[in-house]
Amino acid sequence: MSIEFYETNADSFIAQTVDVDMASLYQRFCKHLKPGASVLDAGCGSGRDALAFSHMGYNVVAFDASPKMVDAASKRADVPVYQMTFEDMKFDQPFDGIWACASLLHVPRTHLSKVLRSVASFLKPTGVLYASFKYGEQEREKGGRYFNDLNEKLLAEHLEDVPGLSALEVWTTSDRRPDRSEERWLNCLMAHGG
C-alpha cells in the first residue's frame, strides 16, 4: 500500500521532491485562476506546491493520506492540511482549482473514473483540475507503491466515464528531478463542459 511507503520513507521522499522546480506547471494551471482563487492541493506530499500557491496569493487547502506528509505539509505551507484519501474526500465548498500532482496515480485503475467524478464534484463550474501520471499503460507496484500509469488513450477512456469533465490540455514532460530525467509524465488540465 502506498500510504505505508510514505510513512516509512517520508524524510527521503521529502528531500528528493521538496525543491523540484514546478514553475512551468504552475504557470499552465494558474493562468486559469483569478487572483485570490481557492485551490485544493490534493495529495500534497511535503507541502511544496501548497506553499507555492499560498505565496502566489491563493486561498489554499490541502490533504494527504499519509499522516507524516500531513504533518510535514502543515509545517511547511502553513495552510489547513487534512488527512484523507481521494475516496473519502469531504469539503464544505467547491474550489476554483484542484491540483493533483503525482497523486491520482496511486488510485487503482478500477476506481479512477469514480474518484475523478468525486474530485470533479468539488470543482466550481468554472474551475480547473490538474493531474499528472507516470507515462505508460501499466498497473504496477514499485518499491512498495502502486502506480497506475496512463497515456493519452487511457486518460481519454477514463474521462469518457466522467460526465461533464473534459480535457483542456494534455501534454508530456520529463521528470524534473535530475536523476530521473528519462522518466516521462502525462499532464492534464481538465474542466467542466467541453
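Identify the residue in the range 4-32 that is in a loop (DSSP other than H, G, I, E, B) and either at pLDDT below 95 or touching a helix residue (DSSP H, G or I) at 6+ places or on another chain (Cβ under 9 Å) (or both) and, among all such residues, is nearest to Asp96 (Cα to Cα).
Selected residue: Met22.
Restricting to the range 57-76, name every residue that is closer than 17 Å to Val39 by Cα, touching a strand residue (DSSP E or B) at 6+ places or on another chain (Cβ under 8 Å), open to solvent by 10 Å² or more (accessible area, probe 1.4 Å) and part of a helix (DSSP H, G or I).
Matches in the range 57-76: Val70, Ser74.
Within the range 89-114, how many residues are part of a strand (DSSP E or B) and either over 15 Å from the mean Cα position of the chain (by Cα) or not acidic (Asp, Glu) (or both)?
Residues meeting the conditions: 5.
Search the range 115-162 for residues being of a type outside the set (A, V, I, L, M, F, W, C) and assigned to a helix (DSSP H, G or I), and hand back the single one that is surrounded by the fewest Cβ atoms within 10 Å (Cβ to Cβ).
That would be Lys153.
Taking the options Lys142, Lys124, name whichever one is over 16 Å from the mean Cα position of the chain (by Cα), at pLDDT 95 or above and either under 17 Å from Met190 (Cβ atoms) or among the charged types (D, E, K, R) (or both).
Exactly one residue qualifies, and that residue is Lys124.
Could you identify the single residue in Met89, Met84 that is open to solvent by less than 30 Å² (accessible area, probe 1.4 Å) and free of Cβ contacts under 8 Å to residues at least 24 places away in the same chain?
Met84
The values are calculated or read from the model by the stated rules, or taken from the named source; none is laboratory data. Keep in mind that this is a model prediction, so the values were computed, not measured. Please note: Cβ atoms are built from the backbone with ideal geometry, for glycine as well, and neighbour counts cover all protein chains shown. We work out accessible area using only protein heavy atoms, side chains counted, and drop any ligands, DNA or RNA first. Shrake-Rupley method; radii C 1.70, N 1.55, O 1.52, S 1.80 Å.
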